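Everything below concerns the one structure shown next.
Read-outs: derived from the displayed coordinates by stated rules, not from any lab. Remember, it's a predicted structure, so these values are computed and weren't measured experimentally. Ideal geometry is used to build each Cβ from the backbone, glycine not excepted, and the neighbour counts take in all protein chains shown.
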Amino acid sequence: MNGELGQANRPGAGCRRALALLLALQVAACAGDQTGAVLTPAAIKVPAEAPRTTGRERPSDDADHAKLVASFGGEYRSPTVHRLLTDVTNRLVKASDRPDEAFAVTLLDSPVVNAFALPSGRLYVTRGLLALATDTSEVAAVLAHEIAHVTLRHANARSEMALRSQLVSRVVADVLNDPVTGAQLESQSKVTLARFSREQELEADTIGVRTLAKAGYDPFGASRFLTSLSRTMALGAGAGAPGEPDMLATHPATAERVVLVTQAARRIGAPGLGADERARYMAAIDGLSYGDNPGEGVVRGKRFIHQSLGIAFEVPDGFAIENTRNAVLGTTRDGRSRLLFDQVESNSGRSLEDMLKATWNDAIEPGSIQNRMIGGRAAVTALSRGKDWTFRLAAIREGDATYRMIMAAKGSTDPEPAFRRWIESLSSVPPEEARSLKPLHLEVVTAAQGDTVESFARRMVVTDRASERFLVLNGMERGASVRPGQSYKLVVE
């Protein structure tokens, strides 16, 4: 969670955004069909010593490039990884349907699993995606998919269809004076555009696998990566949490994509035909930063600590939490309880009660609003009942900042006991604890005789399902054993 306020955190953004975060939990762009990140325009000054993107400079999209980089934590500095991505990209472009086009690749300092492309040929990969991949062919599969989007001119086609749909709806509503039909046409166009985008994703998957194989990489790298993506999504969201897209989603379900890319790879040949370059890949990502930047808040088990804001809290038992750009989100494994923590824009002339009401558009239970002190901090709490969920809300003032804490429970059950424990855990971060926070990173180790999944999991700096996370991080199936002499990734301080 950034210390600076984003648009989504400001009073008036309201219940819809909070519900979207609480009840749908977030994440989904292209390669990771799990990142629907909203890009917030921001100015950025890239250090002169930072790694440059490769390929031809494109002045026309420099502004978009800067906004994207700023929205995803800036550029991540790793010459070894950047060199690998550049080599892979150049190799794929030569094998693509448009080998004469120039592409640029940028490594982003974000823990989110994501990759995307601009129509001009700028490619973006996050360090979170690199941490999940287990060999070069898997990353090459992601890049091949993004290159296919560019060479197939998918973004241009979507924009043209969207503009045409808007024009037809406007003509019917304004010129023909039929706003009802205009609204119906607009709704239909959204469904059509979503279906069109989904078809583009499947087309990019198919072309990407073909390019992958033509470049000499293992064509089954695409299915392996998408399988790992699906597993890590399930591991993060918890059983029962909404994970697959609805009918308007622009990306097909991950399971559908796995079937498609596996079929495409089988048409090319049997597994083992192409190179995976696992050894080179593991050597390149050894030491790669993992997870959140402490300056923007970190999760350590049940505890969230924000070094820059100087605050911390602990969630109740059973919750797994995730730090996103604009909020901290949490859910239980069954998905029946959710929580959200974010910062709202303070206004010295406004009471906490008014601020809470202004940032929550649903009805608040009459008589439920209470002004109180929590750990020496001024606070106001309230109860809100929706159709399917019951919410407990709090606005708490800490110094010059105001924080919002929301807990939701499925049905009519009041989450007040767990909510009270949570809000009362909010505290200031002692300076010594703030100084002790270190970013996590990947350590690549070679398995020796006697090493097991469990022994490696015990070395991981995670407290939640360490064995499962080790397996997913290393692309291993449940029940698999480590092999002496093989390299594996661990998450360490």
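Give me the number: length gained by fully extending A448 to L202, i.e. 0.36 nm times residue separation minus the C-alpha to C-alpha distance, one decimal in nm. It would help to have the intermediate numbers written out before the result.
Values: separation 246, 0.36 × 246 = 88.56 nm, distance 4.12 nm.
Gain on extension, A448 to L202, equals 84.4 nm.
Treating only the Cβ of Lys, Arg, Asp and Glu as charged (+1, +1, -1, -1), what charge dipole size does region 386-493 show about its Cα centre? Round to the nearest 20 debye. Working shown, then result.
Working: 16 positive and 15 negative charges, 45 e Å.
In debye, rounded to 20, region 386-493 gives about 220.
Taking a temperature of 10 °C and a viscosity of 1.306 mPa s, what whole-number D in µm²/s does Stokes-Einstein yield for region 352-493 with Rh from Kirkwood over alpha carbon pairs? Walk me through the numbers on the way to the answer.
Details: Rh = 18.9 Å.
Rounded to a whole number, D works out at 84 µm²/s.
Among residues other than V462 whose Cβ falls under 14 Å from its Cβ, what is the net charge (Lys/Arg +1, Asp/Glu -1)?
Numbers: positive: R300, K302, R303, R458, R459, R465, R469, K489; negative: D292, E322, E443, E454, D464, E468, E493.
Combined, the nearby Lys, Arg, Asp and Glu give +1.
With a 10 Å radius around each residue's Cβ, average the other Cβ atoms per peptide and rank 468-475, 365-372, highest first.
Working: 468-475: 21.0, 365-372: 11.5.
Averaged packing, sorted descending, gives the order 468-475, 365-372.
Which aspartates and glutamates have a Cα lying under 18 Å from the Cα of K357, excluding residues fewer than 8 positions away in the same chain?
Here the aspartates and glutamates satisfying the reach criterion relative to K357 are D342, E345, E365.
Give, as a single signed number, the net charge of other residues whose beta carbon lies under 13 Å from the beta carbon of D87, with Lys and Arg counted +1 and Asp and Glu -1. All intermediate terms of the calculation are to be shown ahead of the outcome.
Numbers: positive: R83, R91, K94, R280; negative: E277.
Around D87, the surrounding residues sum to +3.
Using the per-residue mean of other Cβ atoms lying within 10 Å as a proxy for protection, in what order, highest first, do the peptides 308-315, 110-117, 425-432 fall?
The packing order, highest mean first, is 110-117, 308-315, 425-432.
Points 7 angstrom from Cα along the Cβ direction at R483 and D354: gap in nanometres?
6.7 nm
Over 32 Å between Cα atoms, which of K410/K489; K302/K410; K67/K94 qualify? If you can, show how the numbers build up before the last one.
Numbers: K410/K489 37 Å; K302/K410 21 Å; K67/K94 29 Å.
Pairs exceeding the cut-off: K410/K489.
Which aspartates and glutamates, on any chain, are close to K438 with Cα under 18 Å apart, when same-chain ones fewer than 8 places away are left out?
Within the straight-line cut-off, K438 pairs with D109, D286, D292, E296, E322, E493.
Determine the shape class of region 386-470: with a ≥ b ≥ c the square roots of the Cα gyration tensor eigenvalues, call it rounded for a/c under 1.5, and otherwise prolate if a/b is greater than b/c, oblate otherwise. Numbers along the way, then the final one.
Details: a/c = 3.89, a/b = 1.68, b/c = 2.32.
Oblate shape, in that a/c is at least 1.5 and b/c is the bigger or equal ratio.
Within a Cβ distance under 11 Å of S110, other residues only, what is the Lys/Arg minus Asp/Glu net charge? Spell out each step's value before the answer.
Details: positive: R127, R325; negative: E75, D109, D292, E296.
Here the count lands on -2.
Might you report the magnitude of the Cβ-based charge dipole of region 426-484 about its Cα centre, with Lys and Arg at +1 and Asp and Glu at -1, to the nearest 20 debye? Before the final figure, lay out each step's value.
Numbers: 8 positive and 8 negative charges, 14 e Å.
In total the dipole reaches around 60 debye.
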